[in-house]
Amino acid sequence: TEPELPVPIQRGMRRPGATPGTAPAPAAGFVQRERQWRQPPGAASRQDAIVVSRWTSDGDAPVSVSHPGDRERHCITLVLRSTSMRLVCGGKLILDGRVSAGAIQVTAPGTAASAVYGSASDVLHLFVPQAVLDTCYLDQFGEEPDDAARIDDPSLYADPALERLGQG
């Protein structure tokens with residue numbers, strides 16, 4: 001069966017004592033709630049696993065977040081809800097404006113990122129260990145990569161199928 005994702009935080013909804021960008025204990029199942037942006041619960045205990053987590057903000061006020069970058073994992077972001085934001089990765093401005101549901105962005109290992117969310121937001125973060133990408137490369141091409149199979153283009157990409165997934 002497919003994992004059930006928690007209901008996104010709606011504008012005006014408040015958890016007692018909650019602050020923007022925080023969430024209660026991890027959601028039951030596969031997808032964990034992030035207590036801090038791009039910091040999935042339990043990732044340290046699963047070094048070779050792909051970890052999926054969800055970060056939400058209710059949008060009552062702009063929310064500024066940052067992360068120094070995970071040295072071992074790529075962070076793949078899938079936007080589940082259209083939002084307004086400013087995103088900087090590795091000191092480079094990636095976006096300053098509106099982003100649609102279904103947009104994807106990949107941050108390479110060790111790359112610092114920061115964002116300011118100007119409206120309600122809901123994103124999935126997939127944390128993919130470098131070793132997993134190297135293994136996929138070996139499986140696909142039958143040889144080890146010359147260098148790490150690193151994805152190092154932080155641009156945003158839109159995919160119509162993923163946009164529909166974000167709206168579903």
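The values are calculated or read from the model by the stated rules, or taken from the named source; none is laboratory data. Keep in mind it's a predicted model, so treat the numbers as computed, not measured. Virtual Cβ from ideal backbone geometry, glycine too; neighbours counted across all protein chains shown. Side chains are part of the model used for accessible areas, which takes the heavy atoms of the whole protein and leaves out ligands, DNA and RNA. Shrake-Rupley method; radii C 1.70, N 1.55, O 1.52, S 1.80 Å.
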Check: in contact with a Lys or Arg (Cβ under 7 Å, 6 or more places away or on another chain), closer than 23 Å to PRO154 by Cβ, modelled with pLDDT of 95 or more and open to solvent by 40 Å² or more (accessible area, probe 1.4 Å) - does that describe any residue in the stretch 88-111?
Finding: yes
Next item on the list: Within the stretch 88-107, identify whether any single residue is outside any strand (DSSP E or B), in contact with a strand residue (DSSP E or B) (Cβ under 9 Å, 6 or more places away or on another chain) and without any contact (Cβ under 8 Å) to a residue 60 or more places away in the chain, and answer yes or no.
Entry: no
Check: Here is a list of conditions, (1) free of Cβ contacts under 8 Å to residues at least 24 places away in the same chain; (2) more than 27 Å from PRO160 (Cβ to Cβ); (3) in a strand (DSSP E or B), and PRO41 meets all of them except one; can you say which number that is?
Finding: (3)
Checklist line | Single residue of the stretch 42-56 satisfying the filter (under 15 Å from the mean Cα position of the chain (by Cα) and at pLDDT 85 or above) that is surrounded by the fewest Cβ atoms within 10 Å (Cβ to Cβ) | finding: ILE50
Check: Among GLY29, GLY59, which is the only one that is more than 13 Å from LEU126 (Cα to Cα), open to solvent by 20 Å² or more (accessible area, probe 1.4 Å), in a loop (DSSP other than H, G, I, E, B) and modelled with pLDDT under 90?
Finding: GLY29
Margin query: Here's a check for you: in the stretch 114-142, which residue that is at pLDDT 90 or above and among the acidic types (Asp, Glu) is least open to solvent (accessible area, probe 1.4 Å)?
Written below: ASP122
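Listed here are the residues, each with its yes/no results for (1) touching a Cys at 6+ places or on another chain (Cβ under 7 Å); (2) under 19 Å from GLN36 (Cβ atoms); (3) of a type outside the set (S, T, N, Q).
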| site | (1), (2), (3) |
| --- | --- |
| GLY110 | no, yes, yes |
| PHE127 | yes, yes, yes |
| GLN140 | no, no, no |
| GLU144 | no, no, yes |
| SER155 | no, no, no |
